[in-house]
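The values are calculated or read from the model by the stated rules, or taken from the named source; none is laboratory data. What you see is a predicted model; the values in this text were computed from it and never measured. Cβ coordinates were reconstructed from backbone atoms using ideal geometry, including for glycine residues, and neighbour counts include every protein chain displayed.
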Amino acid sequence: MTLRIGFVGCGGMGKSHLRTLRDLDGFDVVALSDVSTEALSTCGEEFGVADHYTDCAEMCDAVKPDLVVVATQTRHHHGPSVAALERGIHVLCEKPMAIDPVEADEMVAAAHKSGAILSINQQNHVNPAVERALQMIEAGDIGDVVMVRGRNKHGRKSGNEFTEMGTHITDIMLRMGGKPLWVAGSVMWEGREVTADDIMEAKEMSPNDRDSGPVAGDRAIAHYGFEGGTLGEIQFLGYKALQNTNYGVDVLGSEGQLAVRVSGFKAGGIWHLPRPMEGTPADLGDWSAVDLGAEAEKETEALMYQRLAAAIAGNAAVPASGEAGRLAMEMVIGIYASHRQAGVRVALPLADRRHPLDAWRAG
Ligand SMILES: NC(=O)c1ccc[n+]([C@@H]2O[C@H](COP(=O)([O-])OP(=O)(O)OC[C@H]3O[C@@H](n4cnc5c(N)ncnc54)[C@H](O)[C@@H]3O)[C@@H](O)[C@H]2O)c1
């Protein structure tokens, strides 16, 4: 069966999706939607799609696609996603899924009500390195999981890194650690603790970055407690240089460790240490690379579409469901809720559904 796609958002990431879809069997992009008529005509020409709309709801009513892909910036995820979901049309929405938990709740509720699938493009959910690491954990290769440490690739101010990269990392942490129960975090700005006066919009912090809502801080650290006693940690240290090979998670077990890296849109890699404690840097010779074989060459974006198609056909679980995307987002912005209360543990999911920085600004 070929899935007919109505595609929303013909910008940078939109084109990346459209290139992936052009090379994939089983998908046909039948219409494009963007508020910019210029973006519509450029993309339409490049990808050979002639049916154009400036409104997603109108596109859905006219074309009745099977799947709507939402590749706009975060502030514009909720509107097109809900318009499609309310009409019973499945949605693949870019990350982070929404500006705040209120929007995320409405997106999940719209999917539940119509029965349509909502999936968030946290594509490392289907990354072969992540899946192999999960198999190794299940097989007991590192004993019991004691701690999952999220690692980011830097190159952005921490506040922007939270919102733009955070959910990719927390999504993997969720898969390794299980259900998160609480978050405790601290956020710094220019050498001191963040105050309510330091809250700004993402574009104000970094004018060339994306509009992903309110942000604060240039460094942060947070700890998590997962059901069953596994601990988590994430660091946003504000290093100026981008380092793709730093991106992924470390999984610390009672009998060994895994260093899982998910660089770029390919699998990345896994390194295995057959003992729990690293010792001095001179002891590190017994880390070994895990051979992912042909899986290493697969493109995660294409895998995401294939897994979603299988879920729509009823043959697989939904990859990074709306619920998972929402929890991954709350693990990130919950750091602000904890920081505001001097680092106390804040229960997850968050009780206050406003963005913690909006709640803080409101007093
Ligand atoms: N999954 C990943 O690895 C990954 C990588 C890069 C970007 N992203 C995400 O992709 C999303 C888009 O980022 P980008 O850099 O491509 O943005 P962009 O600004 O390049 O493109 C956004 C496009 O959406 C259009 N648009 C804005 N509002 C709209 C609306 N209401 N309806 C229809 N179209 C609208 C704009 O005109 C523009 O063409 C962001 O959420 C970003 O975080 C994800």
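Any residue at all in the stretch 60-70 that's in contact (Cβ under 8 Å) with a residue 60 or more places away in the chain and over 25 Å from Met1 (Cβ atoms)?
No; the residues of the stretch 60-70 include none that is in contact (Cβ under 8 Å) with a residue 60 or more places away in the chain and over 25 Å from Met1 (Cβ atoms).
Select, from Ile89, Ile142, Ile99, the only residue that is crowded, with 21+ Cβ neighbours inside 10 Å, touching a Leu at 6+ places or on another chain (Cβ under 8 Å), of a type outside the set (Gly, Ala, Ser) and over 19 Å from Val318 (Cβ atoms).
Ile142
Just the residues that are assigned to a helix (DSSP H, G or I), within 11 Å of the ligand (Cβ to nearest atom) and in contact (Cβ under 8 Å) with a residue 60 or more places away in the chain, please, taken from the stretch 75-111.
Within the stretch 75-111, Arg75, His76, Pro80 qualify.
Which one is surrounded by the fewest Cβ atoms within 10 Å (Cβ to Cβ) among residues in the stretch 326-362 that are of a type in the set (Asp, Glu) and over 20 Å from the mean Cα position of the chain (by Cα)?
My answer is Asp352.
Within the stretch 305-363, how many residues turn out to be part of a loop (DSSP other than H, G, I, E, B) and at negative phi?
17
For the list (1) part of a helix (DSSP H, G or I); (2) within 17 Å of the chain's Cα centre (by Cα); (3) assigned by TED's automatic domain parsing to the domain that holds Thr170; (4) not aromatic (Phe, Trp, Tyr), I need the number of the one condition that Val249 fails.
(1)
Could you tell me how many of the residues in the stretch 4-37 are out of contact with any helix residue (DSSP H, G or I) (no Cβ under 6 Å at 6 or more places or on another chain) and either within 14 Å of the ligand (Cβ to nearest atom) or in a helix (DSSP H, G or I) (or both)?
Here the count works out to 15.
Answer with yes or no whether Leu258 is touching a Pro at 6+ places or on another chain (Cβ under 8 Å), over 28 Å from Cys93 (Cα atoms) and part of a strand (DSSP E or B).
Answer is no for this residue.
Filter the stretch 208-234 down to the residues that are of a type outside the set (Gly, Ala, Ser) and in a loop (DSSP other than H, G, I, E, B) and list them by number.
Across the stretch 208-234, the qualifying residues are Asn208, Asp209, Arg210, Asp211, Asp218, Glu227, Thr230.
If I go through the stretch 261-289 residue by residue, how many of them are in a strand (DSSP E or B), touching a Gly at 6+ places or on another chain (Cβ under 7 Å) and farther than 19 Å from Met165 by Cβ?
The number of residues fulfilling the criteria is 3.
Sort out which residues of the stretch 45-72 are more than 12 Å from the ligand (Cβ to nearest atom) and assigned to a helix (DSSP H, G or I), and write them in order of number.
Of everything in the stretch 45-72, those that are more than 12 Å from the ligand (Cβ to nearest atom) and assigned to a helix (DSSP H, G or I) turn out to be Glu45, Glu46, Phe47, Cys60, Asp61, Ala62, Val63.
Considering only residues that are within 13 Å of Tyr336 (Cβ to Cβ) and among the hydroxyl-bearing types (Ser, Thr, Tyr), look in the stretch 183-223 and name the one that is surrounded by the most Cβ atoms within 10 Å (Cβ to Cβ).
Selected residue: Ser186.
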